[in-house]
Amino acid sequence: GDSVTQTEGQVTVSESKSLIINCTYSTTSIAYPNLFWYVRYPGEGLQLLLKVITAGQKGSSRGFEATYNKETTSFHLQKASVQESDSAVYYCALGDRNYAQGLTFGLGTRVSVFP
Amino acid sequence: GPKVLQIPSHQIIDMGQMVTLNCDPVSNHLYFYWYKQILGQQMEFLVNFYNGKVMEKSKLFKDQFSVERPDGSYFTLKIQPTALEDSAVYFCASSFDRVEQYFGPGTRLTVL
């Protein structure tokens, strides 16, 4: 089957510091999955942060970046300088081209940014 | 941005009863989904629905589950009868193109 692994359940970081959230994926049925980062801010529903559908490409949004690395099967999320408003839970996800089985999600990483 | 609403936010029922979870998707969206998340576990795909029909369902989508969207209104997930293992947060999502899914805030279902 398909799986997504986020190794950190919780990350605490000071404002203006850099952030990296690790994501690796495994798929037995999809040669080139589409990859996503979703974010849930406190009290809100899940929102798409960024997506990349081509291996080797980088996606970016709101100062966050992630590069689709097919060789290492990774899609790490990075931000150079975080703000308190970035405190949220971040989910890595993959989907096949037809999205026949919906999205496969990681467990999520809770990011807390302190001033 | 576009919002998906879910009603109710919490539901507590006794095992064996029927429950209907309601989702108000984004108005021009064509694809609809339900996901289930048990506390401490990943969110998992249950079913997707398009043009009045179930397109795909996972092994989690038991025979006791059904979905419908009568007359283009709410997209509903019905569980009849409920079991203890159905306790979870259920998320609805909708999409125009299947690439970008918009999620609701979830309904927390507790089966006693």
### Query
Among the candidates B:Gly72, B:Gly106, which residue alone is open to solvent by less than 60 Å² (accessible area, probe 1.4 Å) and within 14 Å of chain A (Cβ to nearest Cβ)?
B:Gly106
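Listed here are the residues, each with its yes/no results for (1) under 9 Å from the mean Cα position of the chain (by Cα); (2) over 19 Å from B:Pro105 (Cα atoms); (3) at pLDDT 95 or above; (4) not β-branched (Val, Ile, Thr).
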| site | (1), (2), (3), (4) |
| --- | --- |
| B:Gln11 | no, no, yes, yes |
| B:Lys36 | yes, no, yes, yes |
| B:Asn51 | no, yes, no, yes |
| B:Lys57 | no, yes, no, yes |
| B:Leu77 | yes, no, yes, yes |
| B:Gln80 | no, yes, yes, yes |
| B:Asp86 | no, no, yes, yes |
| B:Phe91 | yes, no, yes, yes |
### Residue ID - nearest to the other protein chains (Cβ to nearest Cβ), chosen from residues in segment B:50-69 that are closer than 19 Å to B:Lys36 by Cβ and charged (D, E, K, R)
B:Glu56
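Give the residue, chosen from B:Leu30, B:Leu39, B:Leu77, that is under 28 Å from A:Ile53 (Cβ atoms) and either surrounded by 18 or more Cβ atoms within 10 Å (Cβ to Cβ) or within 14 Å of chain A (Cβ to nearest Cβ) (or both). It would help to see each step written out before you state the result.
Values: B:Leu39 fails: under 28 Å from A:Ile53 (Cβ atoms); B:Leu77 fails: under 28 Å from A:Ile53 (Cβ atoms).
Answer to the selection: B:Leu30.
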### Task
Kindly provide the set of residues from segment A:29-58 that are closer than 15 Å to A:Lys70 by Cβ and either among the basic types (Lys, Arg) or more than 13 Å from chain B (Cβ to nearest Cβ) (or both), ordered by number.
A:Ile30, A:Ala31, A:Tyr32, A:Ala55, A:Gly56, A:Gln57, A:Lys58
### Query
Can you find even one residue in segment A:78-97 that is among the aliphatic types (A, V, I, L, M), over 23 Å from B:Phe96 (Cα atoms) and under 13 Å from the mean Cα position of the chain (by Cα)?
yes
### Message
Looking only at strands (runs of 3 or more DSSP E) that lie completely in segment A:59-115, which have at least 2 residues being open to solvent by less than 20 Å² (accessible area, probe 1.4 Å), within 11 Å of another protein chain (Cβ to nearest Cβ) and modelled with pLDDT under 95?
### Response
none
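The values are calculated or read from the model by the stated rules, or taken from the named source; none is laboratory data. Since the model is a prediction, treat every value here as computed from it, not as a measurement. Using ideal geometry, Cβ is built from the backbone for each residue, glycine included, and neighbour counts are taken over all protein chains shown. With ligands, DNA and RNA removed, areas are computed over all heavy atoms of the protein, side chains included. Shrake-Rupley method; radii C 1.70, N 1.55, O 1.52, S 1.80 Å.
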